[in-house]
Every structure is written in structure tokens, then in C-alpha cells.
Amino acid sequence: MFKLIAILLMLLDHVAWIFADVWGQEIYYIARSIGRLSFPLFCYALARGYNRTSNFLNYFLRITIMAIGTQVVFETAFYIFDFPQYRFYNVLITFSLSLVVLAGMDLIENSSLDMMINLRPLSSEGEVTKHFSPGGIRIPRWSGQVLGMIFILLALFLTRFIQPDYNFYGIATIVLFQRIDQNEIQYEKTLRKDLKKRRWTKYFLAFLLLNVLNVLPAYKDLNHYGTWIQMWSVLAVFLFPLYEKEAKPSQAKRIFFYLFYPVHFVLLLWIKYILKI
């Protein structure tokens with residue numbers, strides 16, 4: 001249900017954007033305001049996935065390959081349908097770069113642990129942490145911090161250079177969610193309502209602050225609705241608990257969720273092209 005809601009909100013957002021000329025400004029802004037809730041949901045799912053994957057490399061490659069493939073499909077569609085005004089670098093690129101930042105942060109924080117510097121799977125209380133390199137690669141302890149800094153700086157440089165969808169704001173959102181998820185006790189195991197309340201309150205307040213900081217640079221243009229429309233995305237936090245009830249998707253569902261992003265966007269462009277709207 002969680003991911004289904006996320007893709008439906010994304011669909012609404014893209015329909016409103018691509019067919020903006022079909023309806024008035026009021027309907028356009030209402031639809032896009034609701035659609036703003038989709039991005040935080042995907043970010044939350046990615047952050048939770050990063051914290052729970054036992055093989056970071058496979059997780060990273062899966063997202064990166066999809067990002068590259070999606071961009072190739074998008075560029076082809078923009079060229080064939082002659083819609084340069086919709087050209088952008090897809091959000092999966094932002095997700096991929098965010099994973100690099102998270103991996104860099106983990107390397108810096110855990111570089112004092114021998115097993116982490118060996119880059120081997122690490123067991124703790126029956127749980128398996130990141131597996132950064134198949135087979136394990138032994139490197140000097142100090143180089144873990146250097147490698148982590150290189151990862152982060154490289155990801156930030158590529159973000160600045162490529163300018164993918166949601167840009168630095170997107171990376172900051174994913175890092176924020178991952179840090180909170182990692183540091184907060186999983187209340188499901190304790191059944192403590194105070195931990196549950198604290199967890200979701202922290203998500204809401206931290207994400208609200210991030211959105212305020214994101215809007216502040218454009219304070220001179222706050223009278224324009226488009227400047228602060230992203231603030232509506234804070235409401236997505238109230239949908240986060242649905243993720244806890246999400247069953248592990250089957251292989252077919254996983255493929256569907258991955259393909260929905262490029263397929264639905266190209267179909268919308270094709271419909272606009274056919275109808276000449």
C-alpha cells in the first residue's frame with residue numbers, strides 16, 4: 001500500500017505538470033500540491049532500504065542501472081516527441097548519488113572498526129550490516145575516512161554538475177531520514193508508545209525545518225505559490241507508518257515499481273504528443 005500510494009501521488013504530480021495547459025491554475029496547483037507528498041515517501045523507502053540491505057553494492061548498482069536506463073529512455077522520448085521543455089535528469093540519479101553519500105558517511109563513522117575497514121559483512125546482535133565489497137578488500141584503517149570523504153565529495157560534485165531532480169534538497173532529505181531511522185529505537189519491538197510518538201515527531205520536525213531552510217533563499221518571492229509549494233511535502237510524514245505494514249514485495253511487484261517511473265512518464269508525453277495539447 002505504501003509504495004502504491006507513492007506512485008499514484010507521483011502520477012498525479014506528473015499529469016498536472018505535463019498537462020498544465022489543460023486546466024486552470026487553481027486545479028494545477030492543487031494537484032501538484034498533493035503530488036508533492038510522493039517524493040518524501042520514496043526517500044523514506046530508500047533510507048529504510050539502505051539501513052536494512054545486507055549488500056550495499058547490489059542495492060547501489062540496481063538503483064544506478066535503473067537511473068541510467070531511465071535517463072536514456074527519457075532523452076529518447078524528449079527527442080522523438082520534441083518536448084525539450086520537459087527535459088530533466090531523473091530522480092533516480094539523485095537516489096544513486098544519495099547512496100554514495102550515505103556509504104561515505106558510514107565509512108567515516110566506522111573507520112575505527114577493523115572489520116569495517118576490511119569491508120566485510122559485519123554481524124551485530126544477529127543482524128548483518130553493509131557488505132560494501134564482495135569478498136572483502138583489506139585497506140589501512142585511516143584510509144576508510146579518506147575514502148568516505150572522497151565518496152561524499154564526488155557525489156556532491158556530480159550533483160552540482162548534473163543537477164538531477166530535487167538536487168541537494170533530495171540528498172539532504174534522504175540523509176535526514178536515514179539518520180533518524182538508524183538512531184531511533186524500533187518501537188515495533190518494544191511496543192512502547194512513547195518511542196513511537198518520539199520517532200514520528202522527530203521525522204516531522206526535522207523535515208519541516210529542512211523545508212523551511214529550502215524556502216528561505218527565495219524569501220523575496222514568497223508571494224509566488226510555486227516558491228513554497230514543496231512545504232506540503234511535510235504532510236507525507238503521516239503516511240510513513242504505512243511502510244511498517246508493507247509486506248516484502250514479490251519479484252514481479254518489485255519490477256513493476258521500478259519500471260513504473262520511466263514507463264508512465266513516457267506514456268504521458270506520448271499522449272500529449274498524440275493529442276497535441
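The values are calculated or read from the model by the stated rules, or taken from the named source; none is laboratory data. Since this is a predicted model, take the numbers as computed values, not measurements. Every residue, glycine as well, gets a Cβ built from its backbone with ideal geometry; the counts of neighbours run over all protein chains shown. Please note that ligands, DNA and RNA were not included when accessible areas were found on the heavy atoms of the full protein model with its side chains. Shrake-Rupley method; radii C 1.70, N 1.55, O 1.52, S 1.80 Å.
Key figures
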read-out: Test: F265 is modelled with pLDDT of 90 or more and surrounded by 15 or more Cβ atoms within 10 Å (Cβ to Cβ); value: yes
read-out: F74 vs. criteria over 21 Å from L242 (Cα atoms) and aromatic (F, W, Y); value: yes
read-out: Within the stretch 98-116, tally of residues that are surrounded by fewer than 18 Cβ atoms within 10 Å (Cβ to Cβ) and either modelled with pLDDT of 95 or more or over 25 Å from A45 (Cβ atoms) (or both); value: 4
read-out: Leading residue by the ranking (least open to solvent (accessible area, probe 1.4 Å)) among those in the stretch 243-252 that are of a type outside the set (F, W, Y) and in contact (Cβ under 8 Å) with a residue 12 or more places away in the chain; value: P249
read-out: Hits in the stretch 51-71 - residues which are open to solvent by 40 Å² or more (accessible area, probe 1.4 Å) and out of contact with any Phe, Trp or Tyr (no Cβ under 7 Å at 6 or more places or on another chain); value: R52, S54, N58, F60, L61, R62, I65, I68
read-out: Members of the stretch 78-97 found to be open to solvent by less than 20 Å² (accessible area, probe 1.4 Å) and either assigned to a loop (DSSP other than H, G, I, E, B) or touching a strand residue (DSSP E or B) at 6+ places or on another chain (Cβ under 9 Å) (or both), listed by number; value: N90
read-out: Residue tally, condition small (G, A, S) and touching a residue at least 60 places away in the same chain (Cβ under 8 Å), over the stretch 158-175; value: 1
read-out: Residue, modelled with the highest pLDDT, within the stretch 180-195, restricted to residues that are open to solvent by less than 90 Å² (accessible area, probe 1.4 Å) and over 20 Å from the mean Cα position of the chain (by Cα); value: L195
read-out: All positions within the stretch 246-261 that are of a type in the set (A, V, I, L, M, F, W, C) and over 18 Å from the mean Cα position of the chain (by Cα); value: A247, A252
read-out: Number of positions in the stretch 33-44 that are in a helix (DSSP H, G or I) and either open to solvent by less than 40 Å² (accessible area, probe 1.4 Å) or of a type in the set (S, T, N, Q) (or both); value: 8
read-out: Residue pairs meeting the criteria (Cβ under 7 Å; at least 6 apart or on separate chains; first touching a residue at least 40 places away in the same chain (Cβ under 8 Å) and farther than 17 Å from F260 by Cα, in the stretch 76-91; second open to solvent by less than 90 Å² (accessible area, probe 1.4 Å) and of a type in the set (V, I, T)); value: Y86/I18
read-out: Boolean, V237 is touching a Leu at 6+ places or on another chain (Cβ under 7 Å), at pLDDT 75 or above and closer than 17 Å to C43 by Cβ; value: no
read-out: Pairs, first more than 14 Å from M1 (Cα to Cα) in the stretch 227-242, second of a type in the set (V, I, T) and open to solvent by 40 Å² or more (accessible area, probe 1.4 Å), C-beta under 8 Å, six or more apart; value: M231/V212; W232/I34
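For (1) under 20 Å from the mean Cα position of the chain (by Cα); (2) open to solvent by less than 60 Å² (accessible area, probe 1.4 Å); (3) more than 19 Å from N211 (Cα to Cα), each residue gets a yes or a no:
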position	(1), (2), (3)
L4	yes, no, yes
L12	yes, no, yes
W23	no, no, yes
G49	yes, yes, yes
